[in-house]
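Student: Quick one: the structure is below, questions incoming.
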Amino acid sequence: MDITAIIQAAKLGRARNDAQVDTCAVFAAALYDVLSTQEIPCQMIAAVKKGLGAWAHAVVEVGGRYYDSMGEFSTGIYRARAKIHPKVDLEIEYRPDYRSECYESEFDELHAFYVKMLKNAMRVPATAKTG
């Protein structure tokens, strides 16, 4: 299963960008829930940037790879997305997280939207146009 293709095929609109900053935990929980219902072994992870400008980003680990609302996530991919020069020190640590602590109930509707769009994307044939 190509998880990146499913994520990218999901019609999330502006919510995709929101899931990069403000609602990453809600998206990660939805992705985790969808994959779990398909019996795909996965785990919630907190990607934590250390040092100046520290931050945390919720992702889902499947088979040693990490995923967020843009698709696959790694230090190298983040470096390219953020246009960080190769000589700039960047340290991201991946720590286990817990599904039960992802978000508050006020985000239940957004979570349901993410789940619906991810499930719909899973039904799209691989040859279909994504966008």
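The values are calculated or read from the model by the stated rules, or taken from the named source; none is laboratory data. Given the structure is predicted, the values throughout are model-derived calculations rather than measurements. As a convention, Cβ positions derive from the backbone with ideal geometry for all residues, glycine included, and neighbour counts pool all protein chains shown.
Student: Please work out which residue is farthest from PHE113 (Cα to Cα), limiting yourself to region 71-87 and to residues that are among the aliphatic types (A, V, I, L, M) and not in a helix (DSSP H, G or I).
Tutor: Checked region 71-87; the qualifying residue farthest from PHE113 (Cα to Cα) is ILE84.
Student: A further question on this structure: For residues that are among the small types (Gly, Ala, Ser) and over 12 Å from VAL62 (Cα atoms), scanning just region 29-45, find the one that is surrounded by the fewest Cβ atoms within 10 Å (Cβ to Cβ).
Tutor: That would be ALA29.
Student: Hey, any hits in region 85-92 for a residue that's at pLDDT below 95 and under 19 Å from ASN17 (Cβ atoms)?
Tutor: Within region 85-92 (the criterion being at pLDDT below 95 and under 19 Å from ASN17 (Cβ atoms)), the answer is no, since none of the residues qualifies.
Student: From (1) in contact with a strand residue (DSSP E or B) (Cβ under 7 Å, 6 or more places away or on another chain); (2) over 23 Å from ALA9 (Cβ atoms); (3) modelled with pLDDT of 90 or more, pick out the condition that doesn't hold for LYS50.
Tutor: (3)
Student: Now a separate question. Between a first residue in region 92-106 that is assigned to a helix (DSSP H, G or I) and a second residue that is surrounded by 10 or more Cβ atoms within 10 Å (Cβ to Cβ) and among the charged types (D, E, K, R), which pairs have beta carbons less than 9 Å apart while being 6 or more apart in sequence or on different chains?
Tutor: ARG99/ASP33
Student: Could you list, in sequence order, the residues of region 10-66 that are within 14 Å of the chain's Cα centre (by Cα), within 18 Å of PHE113 (Cα to Cα) and free of Cβ contacts under 8 Å to residues at least 60 places away in the same chain?
Tutor: ARG16, ASN17, ASP18, GLN20, VAL21, ASP22, CYS24, LEU35, ALA58, VAL59, VAL60 - these are the residues of region 10-66 that are within 14 Å of the chain's Cα centre (by Cα), within 18 Å of PHE113 (Cα to Cα) and free of Cβ contacts under 8 Å to residues at least 60 places away in the same chain.
Student: A further question follows. Is it the case that region 62-79 has a residue that's among the hydrophobic types (A, V, I, L, M, F, W, C), over 15 Å from ILE6 (Cα atoms) and surrounded by 15 or more Cβ atoms within 10 Å (Cβ to Cβ)?
Tutor: No, that holds for no residue.
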